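Visitor: Supplied in structure tokens, the structure appears directly below.
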Amino acid sequence: MKSANFKTFCDSMEDVAQDIVRACRKGVRSIAAMPLPAMIACCILLAFVISILPLALFLFILFMAVKVVAGAFVIDRRRTVREQ
């Protein structure tokens, strides 16, 4: 990797880091200005996003993989029956 490309890459990563820090600071300021009921609702929504949503996505992917594997066995069995 040439030094010019590496410097450009480092500058890009620094810009991304600054954008993330800026977004976090804005979020913290927004949460600090919220009234208590809105903050509770925000916390419940955040807990849902962090815990339940990834679990649902994982289970969906798991069941789809099981369905594909089971379908492959059924197709293989039908093919062997048809060939005999």
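Visitor: Per-residue HN-Hα couplings for segment 67-78, Karplus 6.51 cos²θ - 1.76 cosθ + 1.60 at θ = phi - 60°, whole Hz, x for Gly and Pro?
Guide: Result, rounded to whole Hz: 5, 5, 5, 5, x, 5, 5, 5, 5, 5, 5, 5.
Visitor: So what's the back-of-envelope 222 nm ellipticity for the chain, counting only DSSP H runs of four-plus at -39500 (n - 2.57) apiece and dividing by all residues, rounded to 500?
Guide: -30500 deg cm²/dmol
Visitor: Specify whether the C-alpha gyration tensor of the chain places it in the rounded, prolate or oblate class, a ≥ b ≥ c being the square roots of the eigenvalues: rounded for a/c under 1.5, otherwise prolate if a/b is larger than b/c and oblate if not.
Guide: Note, shape of the chain comes out oblate.
Visitor: Could you pull the accessible area for MET13 with a 1.4 Å probe, rounded to 10 Å²?
Guide: 100 Å²
The values are calculated or read from the model by the stated rules, or taken from the named source; none is laboratory data. Given the structure is predicted, the values throughout are model-derived calculations rather than measurements. SASA here: full protein model, heavy atoms, side chains in, ligands and nucleic acids out. Shrake-Rupley method; radii C 1.70, N 1.55, O 1.52, S 1.80 Å.
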